[in-house]
Amino acid sequence: MKVNKLDHICIAVRNLEAARKIWEPILGKDQPDDAYVDEPEKIRVARYWVGGVGFELMESLTPDGEVAKFIDKRGEGVMLVSLNVDNTRAAMDELKAKDYPFIGGARKFRDCEFAFVQPKAVNGVLLELIDYKWDELRA
């Protein structure tokens, strides 16, 4: 499997607005480069481009969302590391052939797909594979 780049890192937060006040001065930003809500994933996100890599603050929309469950179990902090690949499904097939388990199948996001490798298989890290096509001029 070819990894193109580190796509993004996600920080799980209880309160997105409070987290923005902490992180934006550190990142040298006064607002997110990309703010969005992903209803199917039950998250609100503030994404910042940092050296061509996404840095995301994620807040759960519901108490039963995965971000809320993560915070309840581990507290706020790094939740996810994402690797950019050319084709999510092909990368999944390759890793499955090497006995890496996945959490469900490929999921849709904008004009791409992503999938999660089971954390127990990769040192406790929630690893995402995504075939997002970056606009490097914006990053």
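Just so it is clear, none of the values below were taken in a lab; they were calculated from the coordinates. Please read all numbers here as calculations on a predicted model, not as lab measurements. Using ideal geometry, Cβ is built from the backbone for each residue, glycine included, and neighbour counts are taken over all protein chains shown.
Annotation: of all residues in the range 75-92 being surrounded by 12 or more Cβ atoms within 10 Å (Cβ to Cβ) and either without any contact (Cβ under 8 Å) to a residue 24 or more places away in the chain or of a type in the set (G, A, S) (or both), the one that is farthest from N123 (Cα to Cα) is A90.
Any chance the range 43-57 includes a residue that's among the aliphatic types (A, V, I, L, M), in contact (Cβ under 8 Å) with a residue 60 or more places away in the chain and assigned to a strand (DSSP E or B)? Yes, the range 43-57 has at least one match. Take the residues in the range 90-139 that are in a loop (DSSP other than H, G, I, E, B) and either of a type in the set (F, W, Y) or over 23 Å from F55 (Cα atoms) (or both); name whichever of them is nearest to the chain's Cα centre (by Cα). Filtering the range 90-139 for residues that are in a loop (DSSP other than H, G, I, E, B) and either of a type in the set (F, W, Y) or over 23 Å from F55 (Cα atoms) (or both), the one nearest to the chain's Cα centre (by Cα) comes out as Y132. In this structure, V3 does satisfy being in a loop (DSSP other than H, G, I, E, B), under 17 Å from D131 (Cβ atoms), under 17 Å from the mean Cα position of the chain (by Cα) and not basic (K, R).
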